[in-house]
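The values are calculated or read from the model by the stated rules, or taken from the named source; none is laboratory data. The shown structure was predicted, so the numbers you read here are calculated from the model rather than taken from an experiment. Backbone-built Cβ (ideal geometry, glycine too); neighbour counts: all protein chains shown.
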Amino acid sequence: MNKTGPVVALSGGVGGAKLALGLYRILPPHTLTVVANTGDDFEHLGLSISPDIDTLLYTLSGQDNPELGWGRRAETWTFMAALDKLGGETWFRLGDGDLATHVERTRRLAAGEPLSVVTEEFCRRFGIAAKLLPMSDQNVRTRLETDRGRLDFQDYFVRLRCEPAVRRLEFAGSEAARPHPDFIAALADPDLRAVVVCPSNPFISIDPILAITGVRAALQACRAPVVAVSPIIGGKAVKGPTAKMMEELGLPVGAAAVARHYSDFLDLYVADEADRGAEARLDLPVVFASTLMVTIEDREALARAVLDAADRIRA
């Protein structure tokens, strides 16, 4: 096992970005590729918005907002206040600095640039040395069947604050979409050290990536260990609607259920110390660590624990 080889991380927004930052800080920056969920992307107020990509951009560049947990640091809200006075839609909040990101992305996409090229340029401007890839340059949109009807993701997640009960999820466009070529090439790299599935919501952050034709097969064929970190601690989600969604989808709320969700390609699972005993219900190796990432030191410590476990399993 090449302990200096590249690492691929699959990530959604806030929770995944925390571990992505830990990996970025302990690895030679150019060796990390982060593949971002774009199932959350949508068009709003005429703008192309990529929430998970932006969370990763702001987090990896140290410009994230620690008070809100999303958006840019030291944000101002002049635009939203003016929009509100005009009677515009304000349920999805766009800070003034964040707005610039969306305006420039929209301009470049309209000019014909792929999302991956726009994201690469933003990384350069933000001083990020890691490679940040959208899962695909083609549109994939997460939609949910709920007790209030069929909803687009942001309507469910932001406007309705995850209140509707989820019955089923679909990823519109996933069959026609192609994974980004650099994503597949990274998984096939013979020097690859590990693939890390970050502790993002499995159903709305990681499943859209897995739904793209060819991704699961590439993970199953990957020679490097594929490691997932549990987003559940002691039967509760650290953040967001993961536990609520599991209940509504008829799944037991626990770390073991998430591991089983990934079982067709997973080599190793990292669960929190609070969930010791999960290994008795799983058919794969489980490592226990402190997975609650409150401080930057927590992020780095978990990143080291994940990579050390991956190194041991293929040693």
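Below are the figures for this structure:
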quantity	calculated
Matching entry among LEU284, LEU251 (being more than 17 Å from VAL7 (Cβ to Cβ), part of a loop (DSSP other than H, G, I, E, B) and touching a Phe, Trp or Tyr at 6+ places or on another chain (Cβ under 8 Å))	LEU284
Residue pairs meeting the criteria (Cβ under 7 Å; at least 6 apart or on separate chains; first surrounded by 12 or more Cβ atoms within 10 Å (Cβ to Cβ), in the stretch 68-92; second part of a loop (DSSP other than H, G, I, E, B) and charged (D, E, K, R))	MET80/ARG93
Failed criterion for ILE184 (all others in (1) of a type in the set (A, V, I, L, M); (2) in contact with a Gly (Cβ under 8 Å, 6 or more places away or on another chain); (3) crowded, with 18+ Cβ neighbours inside 10 Å hold)	(3)
Those residues of the stretch 193-221 which are touching a residue at least 12 places away in the same chain (Cβ under 8 Å), over 19 Å from VAL270 (Cα atoms) and touching a strand residue (DSSP E or B) at 6+ places or on another chain (Cβ under 9 Å), in sequence order	ILE204, PRO208, ILE209, ALA211, ILE212, THR213, GLY214, VAL215, ALA218
Helices (runs of 4 or more DSSP H) wholly inside the stretch 1-108 that include at least 2 residues being under 27 Å from ASP152 (Cα atoms) and touching a helix residue (DSSP H, G or I) at 6+ places or on another chain (Cβ under 8 Å)	14-26, 51-60
Among (1) loosely packed, with under 15 Cβ neighbours inside 10 Å; (2) among the charged types (D, E, K, R); (3) closer than 24 Å to GLY173 by Cβ - the single one ASP96 does not satisfy	(3)
Single match in ALA310, ALA237, ALA224 (criterion: touching a Lys or Arg at 6+ places or on another chain (Cβ under 9 Å), among the small types (Gly, Ala, Ser) and closer than 19 Å to VAL14 by Cβ)	ALA237
Those residues of the stretch 214-248 which are assigned to a loop (DSSP other than H, G, I, E, B) and either over 19 Å from the mean Cα position of the chain (by Cα) or not β-branched (Val, Ile, Thr) (or both), in sequence order	GLY214, CYS222, ARG223, ALA224, PRO225, SER230, PRO231, GLY234, GLY235, LYS239, GLY240, PRO241
Residues of the stretch 69-95 classified as aliphatic (A, V, I, L, M), over 22 Å from ARG161 (Cβ atoms) and at pLDDT 95 or above, total	2
Residue check, ASP98 within 23 Å of LEU133 (Cβ to Cβ), of a type in the set (D, E, K, R), touching a Ser or Thr at 6+ places or on another chain (Cβ under 6 Å) and modelled with pLDDT of 95 or more	no
Residues that are surrounded by fewer than 22 Cβ atoms within 10 Å (Cβ to Cβ) and not in a strand (DSSP E or B), drawn from the stretch 164-179	PRO164, ALA165, GLY173, GLU175, ALA176, ARG178
Residues of the stretch 254-281 classified as in a helix (DSSP H, G or I) and aliphatic (A, V, I, L, M), total	8
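Conditions (1) touching a Gly at 6+ places or on another chain (Cβ under 6 Å); (2) modelled with pLDDT of 95 or more; (3) farther than 13 Å from CYS198 by Cα, marked per residue:
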{"residue": "THR4", "(1), (2), (3)": "no, no, yes"}
{"residue": "VAL8", "(1), (2), (3)": "no, yes, no"}
{"residue": "ALA17", "(1), (2), (3)": "no, yes, no"}
{"residue": "GLY22", "(1), (2), (3)": "no, yes, no"}
{"residue": "LEU27", "(1), (2), (3)": "no, yes, yes"}
{"residue": "THR31", "(1), (2), (3)": "no, yes, yes"}
{"residue": "THR38", "(1), (2), (3)": "no, yes, yes"}
{"residue": "PHE42", "(1), (2), (3)": "no, yes, yes"}
